[in-house]
Amino acid sequence: VFPEEELEKEKKRLVGSIRQQQDQTSHRAYEAASRAIYPEGHPFRRRTAEERIAQVEALTRDELRTFYVDRYGAATLQLVVVGDVDTQRILDGLEDRFSDWVGGPRGALPKVDVPKPSPGRETVVMRDKASADVVMAQPADLVREAPDFLACTLANSALGQSSLTSRLGVRVRDVLGLTYGIHSSFAAGKVPGPFTVSLSVKPESRDAAVKATLEEISRFRRKGMTGDELAHEKSSRIGNFQVDLAS
């Protein structure tokens, strides 16, 4: 039903959240990086805070209802029930509750283009901050269903998934003491997102930390994982998966 008064409350909450994010160095760094590597209109480009606030404040109840009618329905409904349950009772109950659902989304997900890399550098000045955040990002074409998804994510685990045990963490954080934390990741789902490396530093350590990070990534690209690293990452991935199955 989308009550008007609830919509207004949610608008205020969202606007407050957007404004709060603008005081976080990590958030501002990621926003700037996304705008540097993705063009206008691309789904992974983060709009400015002013643009997002304006869109939230302009949103109407009718627009919400139109989106709901277009996108929500039986065509894409998936329900997963886990636990000690009576299957037939669950199925009968679901049929009673959802049998009148109709409709669904208009077609598949749109194709998302991967732009060519466009090297550049930008500094967002935020006064009176004790630490700085650096985001290094580039468009990537990896998706979850790709044959090399597992290989890429295992390699990234060795490179930079953990600030404590991955190569970037060991070199830039532990050995050189240039960062409070460092992390790399692929945004690979149904559509291809960016590959990013993010690190928090003292402002005066920024350039040295960036240099050391790029050196370690270059070394990893040239030589790849060691046999011990591959065995460790496989064991860790399998162990986490088994533990997750108990939940």
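The values are calculated or read from the model by the stated rules, or taken from the named source; none is laboratory data. Small disclaimer: the values here were computed from a predicted structure and weren't measured. Quick reminder, even Gly has a Cβ in these numbers, built from the backbone with ideal geometry, and neighbours come from all protein chains shown. Protein only, heavy atoms only, side chains kept; ligands, DNA and RNA dropped before computing areas. Shrake-Rupley method; radii C 1.70, N 1.55, O 1.52, S 1.80 Å.
Residue pairs whose Cβ atoms lie under 8 Å apart, separated by 6 or more positions or on different chains, with the first residue in region 77-105 and free of Cβ contacts under 8 Å to residues at least 24 places away in the same chain and the second in a loop (DSSP other than H, G, I, E, B), are Ile90/Val81; Leu94/Leu79. Within the set of pairs 6 or more residues apart or between chains, which connect a residue that is under 22 Å from Arg127 (Cβ atoms) inside region 11-32 to a residue that is polar (S, T, N, Q) with Cβ atoms less than 6 Å apart? Here the result reads His27/Gln21, each pair linking region 11-32 to a residue that is polar (S, T, N, Q).
Comparison of Thr60, Thr76 shows that the only residue that is loosely packed, with under 11 Cβ neighbours inside 10 Å and farther than 30 Å from Pro119 by Cα is Thr76. One residue stands out among those in region 161-173 that are in contact with a Phe, Trp or Tyr (Cβ under 9 Å, 6 or more places away or on another chain) and in contact (Cβ under 8 Å) with a residue 24 or more places away in the chain: the one that is farthest from Glu229 (Cα to Cα), which is Leu168. Mind checking whether some residue in region 134-153 is hydroxyl-bearing (Ser, Thr, Tyr), within 17 Å of the chain's Cα centre (by Cα) and either under 24 Å from Leu199 (Cα atoms) or not in a helix (DSSP H, G or I) (or both)? Yes.
Hey, could you check region 114-172 for residues that are among the basic types (Lys, Arg) and touching a helix residue (DSSP H, G or I) at 6+ places or on another chain (Cβ under 9 Å) and say which is surrounded by the most Cβ atoms within 10 Å (Cβ to Cβ)?
Pass one, region 114-172, residues among the basic types (Lys, Arg): 116, 121, 127, 129, 144, 167, 171.
Subset that is touching a helix residue (DSSP H, G or I) at 6+ places or on another chain (Cβ under 9 Å): 121, 129, 167, 171.
On the way: Arg121: 7, Lys129: 13, Arg167: 20, Arg171: 18.
Checking each candidate, the answer is Arg167.
Inside region 56-76, residues that are under 20 Å from Glu5 (Cβ atoms) and under 23 Å from the mean Cα position of the chain (by Cα) make up a count of 1.
How many of the residues making up region 173-188 are open to solvent by 30 Å² or more (accessible area, probe 1.4 Å) and either under 21 Å from the mean Cα position of the chain (by Cα) or of a type in the set (Asp, Glu) (or both)?
Number satisfying all stated conditions: 6.
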